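Worksheet for the structure shown next.
Please treat every number below as a calculation from the coordinates, not as lab data. Everything numeric here is computed off the predicted structure, so don't read it as measured data. Ideal geometry is used to build each Cβ from the backbone, glycine not excepted, and the neighbour counts take in all protein chains shown.
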Amino acid sequence: MKNQIYESTVLINAALDDPQIEGIIAKIKETIATNGGEIKEIENWGRKRLAYTVNKSKIGYYAVFRFNAPTSIISKLERFYTLDDHILRFINIKLDALALEQIEKNKAATIQQIEPALEEIEPTPKLSETEDE
């Protein structure tokens, strides 16, 4: 069976503590790995305000997974997402070459915007340096 590149965006209940959210992310990674998938990238977007209430939640924690996997993994992932009460919403997308190229362009553009700002930031002195003076 040929592997495809997928992107899975998951909306997790933001009312959970950070260790609980990390536990859910670890379970998703484990589910992908045990079903023949290979994770390429994980983006944690963090807590975001939702446009509308989802399962009585106004804030959600977004996590995006990009991975190579056989097509059979999607049904298993969707079942996992549906059974976990802390996952509010999800979407799985098969990425093509054009989509991957656009993702890389967006990353490069973001890096080009951030680098000049990082150069302007002055490093803060360490505590040991200020105590000696």
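How about the range 41-101: which trypsin sites (Lys or Arg not before Pro) there are in a DSSP loop, with at most 16 other Cβ atoms within 10 Å of their Cβ?
Numbers: sites: Arg47, Lys48, Arg49, Lys56, Lys58, Arg66, Lys76, Arg79, Arg89, Lys94; in loops: Lys56.
Those satisfying the criteria are Lys56.
Before anything else, pin down the relative contact order of the chain: Cα pairs under 8 Å, at least 6 apart, normalised by residue count, whole percent.
Details: 163 pairs, mean separation 46.6, N = 133.
Rounded, it is 35 percent for the chain.
Expressed as a fraction of 2.2 N^0.38 Å, the rule-of-thumb size for a compact globular protein of N residues, what is the C-alpha radius of gyration of the chain?
Working it through for the chain, the quotient is 1.35.
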